[in-house]
Amino acid sequence: MVKRIVLYSDGGARGNPGPSAAAFLAMENTEIIKTDTRFLGIRTNNQAEYEALTMALEYALNTGAEEVICYLDSELVGRQMKGEYSVKNLELRKLYLKAHALRIQFKKAEFYNVSRNNNFIQKADTLVNKTLNQQQTQ
């Protein structure tokens, strides 16, 4: 049986660039099996979005998943991963290549853009903001 994991990822920066964080949720069937978040330091919002996707893909790969379905609220990252947009920015290109190198290790990888109103994207966004808030109080 093929192991498929559904991933919801989100990254955010306060300022662009500014303090940033990344988070993801991993699901099997309808159950959340993993959440993770990380403070990234100073990044742009798009860099944080790529970092979140990379974290999610690394997790899925480490679990032995063969297929991933990735949901992102970043239209830019989603379309770049689908090959619809080129990656012109050098810093983003490095992050894209890292995500792409992970992507090709799966038998199947799909990328979908979803609204920020999506319940699971909102959960990832909440993790991002909680991480940023904790960092600001330190």
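The values are calculated or read from the model by the stated rules, or taken from the named source; none is laboratory data. Since the model is a prediction, treat every value here as computed from it, not as a measurement. Neighbour counts run over all protein chains shown; Cβ positions are idealised from the backbone, glycine included. Heads up: the accessible areas ignore ligands, DNA and RNA and are worked out on the full protein's heavy atoms, side chains in. Shrake-Rupley method; radii C 1.70, N 1.55, O 1.52, S 1.80 Å.
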>> Suppose the chain between residue 129 and residue 86 were pulled fully straight at 0.36 nm per residue; how much longer would it get relative to their current alpha carbon spacing?
In response: 12.6 nm
>> Can you compute the charge dipole magnitude of the chain about its Cα centre, using +1 on each Lys and Arg Cβ and -1 on each Asp and Glu Cβ, nothing else charged? Give it in debye, rounded to the nearest 20.
In response: 280 debye
> Which of the listed residues, 87, 77, 111, is farthest toward the dipole's positive end in the chain, when Lys, Arg count +1 and Asp, Glu count -1 at the beta-carbon?
Replying inline: 87
> In the Gaussian network model of the chain, springs joining C-alpha atoms below 10 Å, which of 87, 68, 77 carries the largest mean-square fluctuation?
Replying inline: 87
>> Straight-line reach only, C-alpha to C-alpha below 19 angstrom: list the lysines that residue 82 could link to, leaving out same-chain residues fewer than 8 apart.
In response: 94, 98, 107, 108
>> From the mean inverse distance of alpha carbon pairs (Kirkwood) and the Cα radius of gyration, derive Rg over Rh for the chain.
In response: 0.95
>> Quick check: at a probe of 1.4 Å, how many percent of the accessible area of the chain sits on carbon and sulfur atoms?
In response: 46 percent
> How many nm is it between the label spots at residue 32 and residue 107, if each spot is 7 Å from the Cα in line with the beta carbon?
Replying inline: 2.9 nm
> How many percent of DSSP beta bridges within the chain run antiparallel, rounded to 5?
Replying inline: 60 percent
> For the chain, what's the relative contact order in percent, using C-alpha pairs closer than 8 Å and at least 6 residues apart?
Replying inline: 30 percent
> Considering only DSSP states other than H, G, I, E and B, which trypsin sites (Lys or Arg not before Pro) in segment 35-128 qualify as loop sites with at most 15 other Cβ atoms within 10 Å?
Replying inline: 82, 88, 107, 116
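Leaving out ligands and nucleic acids, and using a 1.4 Å probe, what accessible area per residue does the chain come to in Å²?
Here the residues of the chain average 52 Å² of exposed surface.
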